[in-house]
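Input: a single structure, listed below in structure tokens.
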Amino acid sequence: MSKNLTTRAEDYSKWYNELVVKADLAENSAVRGCMVIKPYGYAIWERMQAELDRMFKETGHQNAYFPLFVPKSLFEAEEKNAEGFAKECAVVTHYRLQNDPDNPGKLRVDPNAKLEEELVVRPTSEAIIWNTYKGWIQSYRDLPILVNQWANVVRWEMRTRLFLRTAEFLWQEGHTAHATKEEAIAETVQMNNVYAQFAENFMAIPVIQGVKTESERFAGAEDTYCIEALMQDGKALQAGTSHFLGQNFAEAFDVKFTNKEGKQDYVWATSWGVSTRLMGALIMTHSDDKGLVLPPNLAPYQVVIVPIYKNDEQFEAIKKVADQITSDLRELNIRVKFDGRDTLRPGAKFAQHELQGVPLRIAIGPKDLENETVELARRDTFTKETVILDRINVVVEDLLEEIQESLFNRALIFRDSHITEVNDFEEFKKVLETKTGFISAHWDGTADTEQKIKELTKATIRCIPLDNKKEAGKCVFTGNPSTQRVLFAKAY
């Protein structure tokens, strides 16, 4: 199975596409540009969803659900947002089909069923949510509103790749309303921190927190905070964003409140989200030429037990021991699967679980029963050891922690070794084409320079890091004065 994968060195893009399909994560559907997320892939997404949902609720947020369809008049109320998404929108114009009189057995759109107003299939939900909030908010006593939505959205992409860019994808979108600017900014920063903690502690992906340049901001935002990760091929991936929306949407939808002084004011807003794009980040940060490598915190099951036997009697004896191991590990909240399928030989099972990135594999055969031992194999390093049954709980628990930490450190070393400071444009282009990764360079702060660099190199400013130190310098492209370095990279 895994032996048939194209290697990363041979063709990174092909390796990624093959891995997504062969590891049973997702596949292309009959709908152009849309994907089917298969049970194993969805199980990983559910782990992400559960952890994020816990973190959101711990910070005071509640879940709600809003309509999939947005009337066009609402969608265009906030002009910058509407303009930013207009070319990606799917639009519903009719509400009924009918039998086609010219083609028996076929259907056509009923020409008499045209909607009075077109409905936009949500590419994001600010418009419908802020129209709703208008009825929820009258006084400062109604604030803050801290709401999150788990949903699907549609952005009509022409060039699609499973998880990374599809016409329909799953995500969460937080939409909050506040009485003051300071409170809204604090919320924006807090949620970006939540995303960073999730990525690093749960997904074992090191990220850089920063703010976007004006040209890279979310349409309709005053500031966009982000977390940026670096993939193994040296390209950056935006893993999450948190937007300070100012009063733009409140003004567009006339959402006012009476403050403590008895005066009317517009509400301050934020929105923030991550999507199934995180699946792509996960794959491209940790996986290898043998298949997926999953951090234990994220794996649908962290341990798989594979019996090695020749007859039913041996199988039953091994299963008895395996059931006890399973029970003991589950008491420690470790997710375990016993692979007792009689349709595959042990070698084929090993290959499948290796391809699907299960962190630890336990193999038990007749000799192991005699010796009261098991063979324990790590997916990340391929190392094996023989462990006494009495110690299996302690060893497994310790190894899972070690694997989680090791994967993060490995990704961190790679990321940090691929941040290169450059001071002239020739060096900029050379690093971009040979070493790749993040390029730390001075920029004069103008959108014109940013656009010209993008046109010449396909590199964009990924972020202005939050921990940036101020330093005088000259723009890498124009030579004009600059006060700080920013991070450039080619990106997904």
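Pick from Thr436, Thr449: which is part of a loop (DSSP other than H, G, I, E, B) and among the β-branched types (Val, Ile, Thr)?
After ruling out the rest, the residue left standing is Thr436.
Got a sec? Which strands (runs of 3 or more DSSP E) wholly within the range 5-90 have at least 1 residues that are under 21 Å from Met203 (Cα atoms) and not aromatic (Phe, Trp, Tyr)?
By residue number, 26-28, 35-37.
Any idea how many residues of the range 452-488 are closer than 20 Å to His418 by Cα and of a type outside the set (S, T, N, Q)?
17
Tally up the residues in the range 22-58 that are surrounded by fewer than 15 Cβ atoms within 10 Å (Cβ to Cβ) and more than 17 Å from the chain's Cα centre (by Cα), please.
Total meeting the criteria: 8.
Within the range 242-345, which helices (runs of 4 or more DSSP H) (wholly inside it) include 2 or more residues that are surrounded by fewer than 21 Cβ atoms within 10 Å (Cβ to Cβ) and in contact with a helix residue (DSSP H, G or I) (Cβ under 6 Å, 6 or more places away or on another chain)?
In the range 242-345, the matching helices (runs of 4 or more DSSP H) lie at 312-331.
For residues in the range 160-193 being open to solvent by 10 Å² or more (accessible area, probe 1.4 Å) and among the β-branched types (Val, Ile, Thr), which is nearest to Ile145 (Cα to Cα)?
Filtering the range 160-193 for residues that are open to solvent by 10 Å² or more (accessible area, probe 1.4 Å) and among the β-branched types (Val, Ile, Thr), the one nearest to Ile145 (Cα to Cα) comes out as Thr180.
Which of the numbered conditions does Ile403 fail, given that it passes all the others? Conditions: (1) surrounded by fewer than 21 Cβ atoms within 10 Å (Cβ to Cβ); (2) in contact (Cβ under 8 Å) with a residue 24 or more places away in the chain; (3) outside any loop (DSSP other than H, G, I, E, B).
Among (1) surrounded by fewer than 21 Cβ atoms within 10 Å (Cβ to Cβ); (2) in contact (Cβ under 8 Å) with a residue 24 or more places away in the chain; (3) outside any loop (DSSP other than H, G, I, E, B), Ile403 violates only (1).
Which numbered condition in (1) within 30 Å of Glu354 (Cβ to Cβ); (2) in contact (Cβ under 8 Å) with a residue 60 or more places away in the chain; (3) aliphatic (A, V, I, L, M) is the only one that Val395 fails?
Only one criterion is unmet by Val395, namely (2).
Answer yes or no: is there a residue in the range 379-392 that is touching a helix residue (DSSP H, G or I) at 6+ places or on another chain (Cβ under 9 Å), part of a helix (DSSP H, G or I), within 30 Å of Gly347 (Cβ to Cβ) and modelled with pLDDT of 95 or more.
Yes, that holds for at least one residue.
Of the numbered conditions (1) touching a Cys at 6+ places or on another chain (Cβ under 9 Å); (2) open to solvent by 40 Å² or more (accessible area, probe 1.4 Å), His442 fails exactly one; give the number of that condition.
Among (1) touching a Cys at 6+ places or on another chain (Cβ under 9 Å); (2) open to solvent by 40 Å² or more (accessible area, probe 1.4 Å), His442 violates only (2).
Restricting the range 112-143 to residues that are surrounded by fewer than 19 Cβ atoms within 10 Å (Cβ to Cβ), free of Cβ contacts under 8 Å to residues at least 60 places away in the same chain and touching a strand residue (DSSP E or B) at 6+ places or on another chain (Cβ under 8 Å), which is farthest from Glu183 (Cα to Cα)?
Ala113
Report, by residue number, each residue of the range 167-198 that is assigned to a helix (DSSP H, G or I) and touching a helix residue (DSSP H, G or I) at 6+ places or on another chain (Cβ under 8 Å).
Passing the criteria: Val194, Gln197, Phe198.
The values are calculated or read from the model by the stated rules, or taken from the named source; none is laboratory data. Since we're looking at a predicted model, the values are computed, not measured. Using ideal geometry, Cβ is built from the backbone for each residue, glycine included, and neighbour counts are taken over all protein chains shown. For the accessible areas, the whole protein counts, side chains as well, though only heavy atoms, and no ligand, DNA or RNA atoms are used. Shrake-Rupley method; radii C 1.70, N 1.55, O 1.52, S 1.80 Å.
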